[in-house]
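Engineer: Sharing a structure, written as C-alpha cells. Questions coming.
Just so it is clear, none of the values below were taken in a lab; they were calculated from the coordinates. The structure presented is a predicted model; accordingly, all values stated were derived computationally and were not measured. Ideal geometry is used to build each Cβ from the backbone, glycine not excepted, and the neighbour counts take in all protein chains shown.
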Amino acid sequence: MASDAAPRRSAWLRIAPLAAILALMAAGWAFGLPRSLSFSALVQSRADLAAQVQVHMAWSIVLYVVLYVGVVALSIPGGILMTLAGGFLFGWLVGGALALVSATAGAVLIFLAARTALAETLAARAGPFLSRFAEGFRKDAFNYLLFLRLVPVFPFWLVNLAPAILGMRLAPYALATFLGILPGTIAFAVIGAGLDRIIAAEPACVLEGTCRLRLKSLLGPELLIGLTALGLIALLPVLIRVVRRRRP
C-alpha cells in the first residue's frame, strides 16, 4: 500500500501545476475576463485608468504585471491589448519593458507546468500535430523558437506548449522567448502610447462602445516585413547546418 501511495502522490504533484492553471483558466472564462479585455473597454476607461496610474503608480505596475502574467499563463486572448495598455499607461519604454517581462514570465509558467505534468504523454500522443515543429526543435531549438516568436504564424499559446512537449530546456526557451517577442512588444507599446491619436480617427466609436482592435491597421506592411526579416535571420543558423550536412 505504501509503495503504491508514493508514485500516486508523485503523479499528483506533477499534475498539480497544470491542473491549477486549467482551473484558473476556467474561472477566468466563467467570470468573463476575455470580454473585459477588449479594445472598446480600454478606450472607454482610459481616462480613469490613467488617473489611477498617476495616483498609485507602484500598485498600478504590480497589478499590470500580475494581470499580464495571468493572461499569458492562462492562454487568455489579450496579450496585444495588454501591451497596448502598457504603452498608453506607462509610456512606450516602461510599458514595453513591463509587457516584455510579463509575457516572458507567463510563457515560462505555462512551459514549466506543461513540461512537469504531461510532456511525455503529450509527446507520445501528439503525432502529426507536432510533427511540423519536431524537426525544427531537434535541429536547433533556440533559433527555431526565436523564428516562431518573431514571425507570429502560430498562436502564442501553441508556441508556449510545443517546446515543453518536445523537450526544450528552460534557459534557451526563456531567452528565445524574450528576444523573439522584443520587437513586436516594443512596436505595440509605441502604438499604445499614441492611443489617443488612434481614437481620434474614429471618435464616434467611443460613445457607442463599438471600438475594435484591427490588427491589420496596427501592424502595417512595414512592421510585418520587418518581423519576417528578423525571423528569417533567426533561421539562418538552422539553414546553414542543413546545407553543410547535405554536402558530400
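Engineer: Considering Cα pairs under 8 angstrom that are at least six residues apart, work out the relative contact order of segment 33-106 and quote it in whole percent.
Structural biologist: That works out to 34 percent.
Engineer: Where does each of 156-167, 81-92, 54-65, 38-49 land if you order them by average Cβ count within 10 Å, highest first?
Structural biologist: Values: 156-167: 20.9, 81-92: 24.0, 54-65: 13.2, 38-49: 15.8.
By packing density, highest mean first, the sequence is 81-92, 156-167, 38-49, 54-65.
Engineer: Something else about it: Working out 0.36 nm times the residue gap between Lys139 and Leu158, then minus their Cα-Cα distance, what length gain in nm do you get to one decimal?
Structural biologist: 4.9 nm
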